[in-house]
Amino acid sequence: MLAAGVLSFTSWDLLSPPEWIGFNNFKELISDRDFLNSLRNTLVFIAGYLPLVYFLGLAAALALNRKFKGSLALRAAYFLPVVTSWVIVALLWKWILNPNGGLVNSALSAIGIQGPGWWTSKNWSMISVIVPSAWKDLGYVMLILLAGLQAIPPEYKEAASIDGASKRQILFRITLPLLTPATFFVLVVSLINNFQVFDQIWIMTTGGPEGSTSVVVQQIVKNSFEYGHMGYASAMSMVLFLIIMIITAVQIRLQKRWVNYE
Amino acid sequence: MRPKFFTTLFGILMLFPFIWMISSSLKNSVEAFATPPTLFPKAPTLENYRNVFRALDMPRLFFNSFAVSVVCVFMQLTSSALAGYAFARLNFRGKNAIFLIYLATMMIPFQVIIVPLFIEMRHFGLIDSFLGLGLPMIASAFGVFLMRQAMLAIPRELEEAAILDGASHFRLFFSIALPLCIPTLAALTILSFMSVWNAYLWPLVVIFSPEKMTLPLALSNLHGENLTDWPMVMAATTLAALPIAIIYLVLQKQIAQSFLTAGLKG
C-alpha cells in the first residue's frame, strides 16, 4: 500500500530505476481520455448494476422469507451463481449472448426479431456485462436481506395488522424501515466491490468494443502489465482507492439520516 | 399464491443459464448454433468433453487449483488463528495500532496493491511460480479480524482456571481457544477456499506457463478472439463448475452461514 503510494509519484518501466516525478502522474491522469472514460464506465456500470441487483434481491428475500414447500431449494437456486467463479459466469453469459447462435439471439430470431450484437456492439456491451453481474450477485444480496428480515421481531407486524394496517402499509412502514441496516451493508459492500469490477468485463469484452466497457482496474492492469507504466498505474490505483474511501466515508456519515437502528 | 408462483418461475430463470451450459456442452457444433434453439440435445454427444481433455491438461489443472487452494487455506487459517489469538488475548506494545493497520488493509482493494505486489514478487524472482502465486494469499487481514472477534467472545473464566494451573499461551490456544472457535474456523475455511479457488486477477498477472495455470486462468484462455468452439468451452466450464456446485449442495447451510458471519461481523 505504502509502496503504491510512493510509486505513484515516480515514472518506472521496470527496466531503468524509478524516477521521481512528483505529481506529474496525477496531472497526466486528469487529462487522460482513456482513464476518464474508464472512470465514467465504472460509474455507468454501478448505476445499472446496483438497482438491478438490489431490487431483485429484495424481491427474492421478501418472497422467500416464509417457509413453503420448495423455498429452501429456491434459495439454493438463487445462491448457486454466487459460489460459481467469475470466469465460468462470464464465459457462460458470453455464449448465451453470442450474436450468432447464442441462446438469446437464436430465440429472438425464431420469433422473427434480429437480435443486437450484445457484447460485440458498443451500444449493448455495457448491458451485456451488467446483467450477468447482477445475476451472479443477486443471491448474496438476497441472503443478507433475508438475515435482516429475520431479525425483525414478528410482534411488530402482528401489532400493526391487528391495528388494521394493510400488507402494503406493513411493508413500507415497518419492514423496509427496519431493513435499512441490512440495506446499508449491501450498499457499502457493493460499492466497494464494484468500483473494482474487472474479471467479468475482462473476459467478456476486454473493455471493448471501442472502450465502451473499459473500467478503471482494466486501465491499471493495461498500463502496468502491457505498457510497463508502473508509476502511472500506481497513481490510478491511488485515485481508485481514494474514491472508494471517500464514498464509503460519506455513506457512513450519511447513514444516521436513513438507517434505523433499534 | 401468486408471489410463490413468480419466485418459482424466477428461480427456474436463475438456474436456466446453468441448464443451458450443460445442454450446450452435450450438443454437436451444428445443433449448438441452431435456430430455434433446442433445450434437449437431439443427438447428445460427449465429443466436447473429449475435446476439452485434448485441449487442456484437465487433471493437472484440477490438481494445481486444488493444491494451491488447500495450501493457501491451511496457511490462512493458521496465520489468522494465531494472530487473532494474539490480538484478543495478549498484551503487547502497539497492539491497537497494529490492529488498526490490519483493519485498514481490509479496506484496500487488491487491485490497488497489485502493481507493487507484482514488483515485489519479481524482485524475489517468484514470477510464474506457485510460490509467487500463493504467497499473497496465505495471510488475510479479514481472517485475522474474524478470528479475533471469535476469540474475544470466549469467556475469560474458561481460561482462568487453566492459567492458575500454569498453562502456557500455547496450551491455552490449542486446548481452549481453538476448539471453541471451530464454527468460525469452518466459516473461514469455506470463504477462503472459494476465494482462492476462484481467484483470477492475480493468477492472470503472475502465471504464464500453461503447466502452472489454475483452472479459471486456463478456462479463460480457452476462448479465442474470433473462433471459439463454444460447445467445448461449455463442456470445460461445466467440468470446472461441478466441484464447487457439489460442495455447495452438500454444505449449503454452512456456506450461507459463513457468508453471513463474514457480513455481519465485517
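The values are calculated or read from the model by the stated rules, or taken from the named source; none is laboratory data. What you see is a predicted model, and the numbers here were worked out from it, not measured in a lab. Heads up, the Cβs are rebuilt from the backbone with ideal geometry, glycines too, and the neighbour counts pull from every protein chain shown.
Criterion first (within 14 Å of another protein chain (Cβ to nearest Cβ), surrounded by 15 or more Cβ atoms within 10 Å (Cβ to Cβ) and either in a helix (DSSP H, G or I) or modelled with pLDDT under 90 (or both)) does B:LEU9 satisfy it? No; evaluated as a whole, the condition is false for this residue. Look at (1) surrounded by fewer than 20 Cβ atoms within 10 Å (Cβ to Cβ); (2) closer than 20 Å to A:LEU242 by Cβ; (3) modelled with pLDDT of 80 or more and you find that A:PRO99 fails only one, number (2).
Taken over segment A:219-234, the residue count meeting the criterion of being more than 10 Å from chain B (Cβ to nearest Cβ) and either part of a helix (DSSP H, G or I) or out of contact with any Asp or Glu (no Cβ under 7 Å at 6 or more places or on another chain) (or both) is 4. It is to be established whether one or more residues within segment A:159-178 are assigned to a loop (DSSP other than H, G, I, E, B), more than 30 Å from A:PHE241 (Cβ to Cβ), among the hydroxyl-bearing types (Ser, Thr, Tyr) and over 21 Å from the mean Cα position of the chain (by Cα). Yes: segment A:159-178 contains one or more residues that are assigned to a loop (DSSP other than H, G, I, E, B), more than 30 Å from A:PHE241 (Cβ to Cβ), among the hydroxyl-bearing types (Ser, Thr, Tyr) and over 21 Å from the mean Cα position of the chain (by Cα). Each residue in segment B:12-60 was checked for being modelled with pLDDT under 80 and hydroxyl-bearing (Ser, Thr, Tyr), and 3 of them qualify. If we scan segment B:177-187, do we find a residue that is surrounded by 21 or more Cβ atoms within 10 Å (Cβ to Cβ), under 19 Å from the mean Cα position of the chain (by Cα) and assigned to a helix (DSSP H, G or I)? Yes, because at least one residue in segment B:177-187 is surrounded by 21 or more Cβ atoms within 10 Å (Cβ to Cβ), under 19 Å from the mean Cα position of the chain (by Cα) and assigned to a helix (DSSP H, G or I).
For B:SER168, only one of the following conditions fails: (1) free of Cβ contacts under 8 Å to residues at least 40 places away in the same chain; (2) surrounded by fewer than 16 Cβ atoms within 10 Å (Cβ to Cβ); (3) within 24 Å of the chain's Cα centre (by Cα). What is its number? Result: B:SER168 fails condition (3) only.
Which fully enclosed helices (runs of 4 or more DSSP H) of segment B:86-153 have 1 or more residues being aliphatic (A, V, I, L, M) and buried (at least 20 other Cβ atoms within 10 Å of the Cβ)?
Values: elements: B:95-107, B:110-123, B:130-134, B:141-152.
Result: B:110-123, B:130-134, B:141-152.
Could you grab me the full set of residues in segment B:88-115 that are in contact with a Phe, Trp or Tyr (Cβ under 6 Å, 6 or more places away or on another chain) and facing chain A (nearest Cβ under 8 Å)? Listed by number, the list holds a single entry, B:VAL112. For segment A:199-218, filtered to residues that are surrounded by 22 or more Cβ atoms within 10 Å (Cβ to Cβ) and in a loop (DSSP other than H, G, I, E, B), the residue that is farthest from the other protein chains (Cβ to nearest Cβ) is A:THR213. No other residue among B:LEU204, B:LEU260, B:LEU219, B:LEU215 is farther than 28 Å from B:LEU117 by Cα and at the interface with chain A (Cβ under 10 Å from one of its Cβ atoms) apart from B:LEU260. Among the residues making up segment B:19-33, those that are out of contact with any Ser or Thr (no Cβ under 7 Å at 6 or more places or on another chain) and at the interface with chain A (Cβ under 7 Å from one of its Cβ atoms) are B:TRP20, B:SER24, B:PHE33.
Here B:VAL206 meets each of (1) of a type in the set (Val, Ile, Thr); (2) farther than 23 Å from A:GLY102 by Cα; (3) surrounded by fewer than 20 Cβ atoms within 10 Å (Cβ to Cβ) with one exception, condition (3). For segment B:157-176, the set of residues classified as assigned to a helix (DSSP H, G or I) and out of contact with any helix residue (DSSP H, G or I) (no Cβ under 9 Å at 6 or more places or on another chain) consists of B:GLU157, B:GLU160, B:ALA161, B:LEU164, B:PHE170, B:PHE174, listed by residue number. Screening B:THR228 with (1) within 16 Å of A:TRP86 (Cβ to Cβ); (2) of a type in the set (S, T, N, Q); (3) assigned to a loop (DSSP other than H, G, I, E, B) gives one miss only, at (1).
Report yes if B:THR78 is assigned to a helix (DSSP H, G or I), facing chain A (nearest Cβ under 10 Å), surrounded by fewer than 17 Cβ atoms within 10 Å (Cβ to Cβ) and under 22 Å from the mean Cα position of the chain (by Cα), otherwise no. Give the steps one after another, and end with the answer.
Numbers: assigned to a helix (DSSP H, G or I): yes; facing chain A (nearest Cβ under 10 Å): no; surrounded by fewer than 17 Cβ atoms within 10 Å (Cβ to Cβ): yes; under 22 Å from the mean Cα position of the chain (by Cα): yes.
For B:THR78, the condition - assigned to a helix (DSSP H, G or I), facing chain A (nearest Cβ under 10 Å), surrounded by fewer than 17 Cβ atoms within 10 Å (Cβ to Cβ) and under 22 Å from the mean Cα position of the chain (by Cα) - is not met.
Flag: A:SER16 does not match the condition of being over 20 Å from the mean Cα position of the chain (by Cα), modelled with pLDDT under 80, crowded, with 17+ Cβ neighbours inside 10 Å and not acidic (Asp, Glu).
Among residues of segment A:138-159 that are closer than 12 Å to A:LEU178 by Cα, those with a Cβ under 9 angstrom from a residue that is hydroxyl-bearing (Ser, Thr, Tyr), sequence gap 6+ or separate chain, pair up as A:LEU145/A:TYR54; A:LEU145/A:THR183; A:GLY148/A:THR180; A:GLY148/A:THR183; A:LEU149/A:THR175; A:ILE152/A:THR175; A:TYR156/A:THR175; A:LYS157/A:THR175.
The residues on offer are A:LEU62, A:LEU58, A:LEU39, A:LEU50, and the sole one that is crowded, with 19+ Cβ neighbours inside 10 Å, of a type outside the set (Val, Ile, Thr), over 19 Å from the mean Cα position of the chain (by Cα) and in a helix (DSSP H, G or I) is A:LEU62.
Quick check on segment B:235-245. Is at least one of its residues part of a helix (DSSP H, G or I), in contact (Cβ under 8 Å) with a residue 40 or more places away in the chain, away from chain A (no Cβ under 14 Å) and among the hydroxyl-bearing types (Ser, Thr, Tyr)? No - not one qualifying residue is present in segment B:235-245.
Mind checking which residues of segment B:199-217 are without any contact (Cβ under 8 Å) to a residue 24 or more places away in the chain and in a helix (DSSP H, G or I)?
Matches in segment B:199-217: B:LEU204, B:LEU217.
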